[in-house]
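Asker: One structure, as structure tokens, below. Some questions next.
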Amino acid sequence: MIPNEPQITPELIAEHGLKPEEFERILALIGREPSITELGIFSAMWNEHCSYKSSKLHLKTLPVTGPCVIQGPGENAGVVDIGDGLAVVFKMESHNHPSFIEPYQGAATGVGGILRDVFTMGARPIACLNALSFGDPAHPKTRALVAGVVAGIGGYGNSFGVPTVGGSVRFHNRYDGNILVNAMAVGLAEKDKVFYAAASGVGMPIVYLGSKTGRDGIHGATMASAEFSADAEEKRPTVQVGDPFAEKLLLEACLEIMAKGCVIAIQDMGAAGLTCSAVEMGAKGDLGIILDLDQVPCREAAMSAYEMMLSESQERMLMVLRPDKEAEAEAIFRKWGLDFAVVGETTPTLRFLVRHRGEVMADLPIKELGDEAPVYNRPHVATRGQAAINPAAVAPTASTAEALEKLIGSPDLCSKRWVWEQYDHIILGNTVQRPGGDAAVVRVLDGPKALALTTDVTPRYCEADPVEGGKQAVAEAWRNLTAVGAQPLAITDNLNFGNPEKPEIMGQLVGCIGGIAEACRALDFPVVSGNVSLYNETNGRAILPTPTIGGVGLLEDFTAAATLEFKAEGEGILLIGATQGWLGQSLYLRELHGREDGAPPPVDFEEERRNGDFVRSLIRERVATAVHDLADGGLLVAIAEMAIASGRIGAVLEAPKGMPPHAFWFGEDQARYVVVVAAEAVEAVLRRAAAAGVPASHIGVTGGEALILPDDRPLLLKTLASRFEGWFPTYMSQGMG
């Protein structure tokens, strides 16, 4: 009997996020009542965040292989071959609940955690991205949450020394009580020098590396696996505290000992800290693990075994080292001013044994800790579809010019410069395209290759039709990469949903995964890593279903990358793709009519491929002088963004034929791009499009200092730019609410 152990009560079990039937499963598995430390270990390993118990069945339907895939889901990050002996390593993860409770540290440690996932694989991080969802701008908490999250992302990424090159920001009242902070990191590695988590060899030393263990972040993963109620503020102690400078030292030390051949296996201490990292390394290698907690470097006095096993203190790693390299590895870590401690060894027993102060605090079957976690086939009901909206039945409430002015200055469509100017997006010197375009472009080493990177999702589509919304999220990421000229390679996903125990929420998750899987197969765009974040709701009100897609593409020559701004006057503006004027779930309908209804636009994969491949060929041949894909807000918003980005060049636009002007200009039909070409190339490109079966039309000419619309007043670029750039800084300067 371990002294001073608390009694295991139903209340204590519930506090650990375990249901009565799950506790019964634990009793059957180990044949006795667990100690408090063992209960904590099960709580950590069996929560939603770590075990994927509600989503695992459905995640298995995603396509995870492809010609360039080296490592799919199941490791710290996905790995994709980009040729020349190099691989891109990337993943996206959520830090939603911590960021709502403590915005700065929640967002900062989200960045820190995802960076560790990448350099744990032996890759040097080269870029970060994010996808942020906030509540109604009028909500009293929103402004402070925006300020804290953006400062946290910038504070960590800038200090660590990796550029934050892209992302997305949206506002909707469904995120009032549960914001989303999804962080993505991308790194480069030699493809034959990637490191994995599976331990190997018996009697190998297990080494603790990095910063000391404290009491911050205890139950962080469990907290992330429960919905919020009125007590959200009381969960602040569960939020981790980050130190980007310590993480930078950890990166350099890890890459150095990897290069010296010291490492057998490596796992970062992220969610559930020492517990998850040790169990995963042993279980993946079919080995047991013994840990001696007396050897764990602690920054606080008298920490219990329970606290050490569940702490989520940041900037820590666990490694299995080659015994003959132990002294060399320790010297390297000491040189970088980091803790290095042998805290255990691998065994052949398949047991997870934890000792502290002469007592065995845990003795559990290591494989079953992960493999025997509950897997639920939860009841789910499909979302009832909405009828398509006839654009002719939507009577305009404003002129085309007035509608554009309102849309371009709305929270979702306005410039996010206020956000990304707080991020260092050019450090390391390889950022070719900065934030604000369709995708970021980052040079690979000295070039000529480059990676295109994006994050995207349209939650209102996913709410109305999860299957089509899932398809569209993937197709939109594919288009973003295509619009800069990149060949899409693979995706990472971050599936953010409400409480999966509600059949309608589970139906959203199942539907979106189904749509994502269909799109990834159709577009040869496999999923190589990802994260599921459930229970994103407060007092029973769920977020919009938000399956964020992080896409990575490859450019063979970064100098050929397309940008969206108009380059010269007198060039032809072409619309690529078919337009029906789809207004269901459009921002035009929401912002101009106060409506969020109708079926979202359908996605046709043959059309996506055909149109995207055509646009990519124009970019690679340097025929296109500017390219922008069409998404939120539709055609006229995209043209306005291109003109504003140029700073000086407007356009004269032709009248739409065969449909109401508001549907033509603001409909959100898919598989479309605006492509600008030299005047003398227009006819040749149109003939080439017709031969390829690609719908294409000439809709205007660049020039002047305004957008000239048929039968409407001119829109001066300086007026549009003021509206586009003005909303965010004005909103944030109004004082913290």
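The values are calculated or read from the model by the stated rules, or taken from the named source; none is laboratory data. Owing to the predicted nature of the structure, the values given are computational and were not obtained by experimental measurement. Note: ideal-geometry Cβ built from the backbone for every residue, glycine included; neighbour counts use all protein chains shown. With ligands, DNA and RNA removed, areas are computed over all heavy atoms of the protein, side chains included. Shrake-Rupley method; radii C 1.70, N 1.55, O 1.52, S 1.80 Å.
Asker: How far is helix 244-259 tilted off the main Cα axis of the chain, in degrees rounded to 10, range 0 to 90?
Answerer: Roughly 80 degrees between the two axes.
Asker: Ok, one more. Roughly how many percent of the accessible protein surface of the chain is carbon and sulfur, given a 1.4 Å probe and a whole-percent answer?
Answerer: With neighbouring chains kept in place, the figure for the chain is 52 percent.
Asker: Between Glu190 and Glu21, what is the label-to-label distance in nm when each label sits 7 Å out along the Cα-to-Cβ direction?
Answerer: Roughly 5.2 nm, to one decimal.
Asker: Relative contact order, percent, of the chain when contacts are C-alpha pairs under 8 Å separated by at least 6 residues?
Answerer: 15 percent
Asker: Of the GluC sites (Glu not before Pro) in the range 452-521, which ones lie in a loop per DSSP and count no more than 15 other C-beta atoms within 10 Å?
Answerer: Sites meeting the loop and neighbour criteria: Glu501.
Asker: Val528: net charge of surrounding residues, Cβ under 12 Å, Lys/Arg +1, Asp/Glu -1, itself excluded?
Answerer: That sum, taken over residues with Cβ under 12 Å, equals -2.
Asker: Could I ask something else about it? Using a 7 Å offset from the Cα along the Cα-to-Cβ direction at both Asp294 and Arg648, what is the distance between the two label points in nm, to one decimal?
Answerer: In this crude label model, Asp294 to Arg648 measures out at 7.5 nm.
Asker: Pull out the extension gain between Arg334 and Leu716, defined as 0.36 nm times the separation in residues minus the alpha carbon to alpha carbon distance; nm, one decimal.
Answerer: 131.4 nm
Asker: Oh, and also: Mind pulling the angle between the C-alpha long axis of helix 142-160 and the longest principal axis of the chain? Nearest 10 degrees, somewhere in 0 to 90.
Answerer: Roughly 70 degrees between the two axes.
Asker: Charges only on Cβ, +1 for Lys and Arg, -1 for Asp and Glu: so what's the dipole of the chain about the Cα centre, in debye to the nearest 20?
Answerer: The calculation lands at about 800 debye.
Asker: Over what distance in Å are the Cα centres of the range 147-167 and the range 84-139 separated?
Answerer: 9 Å
Asker: Just to verify a number: FRET efficiency for Thr349 and Phe245, C-beta to C-beta distance, R0 = 30 Å, to 0.05?
Answerer: The computed FRET efficiency comes out at 0.15.
Asker: State the Kirkwood hydrodynamic radius of the range 329-459 in Å, one decimal place, computed from all pairs of distinct Cα atoms.
Answerer: Computed over the range 329-459, the radius equals 23.4 Å.
Asker: Could you give the accessible area per residue of the chain, probe 1.4 Å, as a whole number in Å²?
Answerer: I get 34 Å² per residue for this part.
Asker: If eta is 1.002 mPa s and T is 20 °C, what Stokes-Einstein diffusion coefficient results for the range 350-403, Kirkwood Rh from Cα pairs, in µm²/s?
Answerer: Here the translational diffusion coefficient equals 118 µm²/s.
Asker: Per DSSP H run of n ≥ 4, the term is -39500 (n - 2.57); total these for the chain, divide by its residue number, and report the mean residue ellipticity at 222 nm rounded to 500 deg cm²/dmol.
Answerer: Helix contribution divided over all residues of the chain: -10500 deg cm²/dmol.
Asker: For the range 586-737, just list the percent of Cα-Cα distances falling in each 5 Å bin from zero outward, please.
Answerer: Reading upward from the zero bin: 2, 8, 15, 19, 20, 16, 11, 6, 2, 1, 0, 0.
Asker: Another question, if that's okay. Per residue of the range 417-424, what does 6.51 cos²θ - 1.76 cosθ + 1.60 with θ = phi - 60° give for ³J(HN,Hα)? Whole Hz please, x for Gly and Pro, Karplus curve as stated.
Answerer: Ordered by residue, 3J(HN,Hα) equals 4, 4, 6, 6, 6, 7, 9, 7 Hz.
Asker: Another one. Would you mind computing Rg(Cα) / (2.2 N^0.38 Å) for the range 394-523, counting N as its residues?
Answerer: Scaled against compact globular proteins, the figure is 1.29.
Asker: With charges only on Cβ, +1 for K and R and -1 for D and E, what is the dipole size of the range 672-737 about its Cα centre, in debye, rounded to 20?
Answerer: In debye, rounded to 20, the range 672-737 gives about 180.
Asker: What are the extents of the Cα atoms of the chain along their three principal axes, listed from largest to smallest and rounded to whole Å?
Answerer: Principal extents (Cα only, largest first): 85, 50, 46 Å.
Asker: On a 30 Å Cα-Cα criterion, which of the cross-link pairs Lys91/Lys471; Lys191/Lys212; Lys19/Lys471; Lys60/Lys449 come out too long?
Answerer: Going by Cα-Cα distance, Lys191/Lys212; Lys19/Lys471; Lys60/Lys449 fall outside the 30 Å limit.
Asker: In nanometres, what is the gap between the two model label sites at Arg622 and Glu326, each 7 Å from Cα along Cα-to-Cβ?
Answerer: Inter-label distance under the simple model: 5.9 nm.
Asker: Between the DSSP loop rule and a limit of at most 11 other Cβ atoms within 10 Å, which trypsin sites (Lys or Arg not before Pro) in the range 640-707 are left?
Answerer: Here the trypsin sites (Lys or Arg not before Pro) that fit, given the DSSP loop and packing criteria, are Lys657.
Asker: Would you kindly state how much longer the chain becomes between Val202 and Glu421 on full extension, computed as 0.36 nm times their sequence separation minus their alpha carbon distance, in nm to one decimal?
Answerer: 73.8 nm is the gain from fully extending Val202 to Glu421.
Asker: Using only the alpha-carbon atoms of the range 593-648, report the extent along each of the three principal axes, biggest first, to the nearest angstrom.
Answerer: 42, 36, 9
Asker: Specify the inter-centroid distance of the range 2-66 and the range 572-642, based on alpha-carbon positions, in whole Å.
Answerer: 46 Å
Asker: Still on this structure, I have one more. Expected output is a single nm value to one decimal: the length gained when fully extending between Arg521 and Gln580, i.e. 0.36 nm times separation in residues minus the C-alpha distance. What is it?
Answerer: Computed gain between Arg521 and Gln580 is 18.6 nm.
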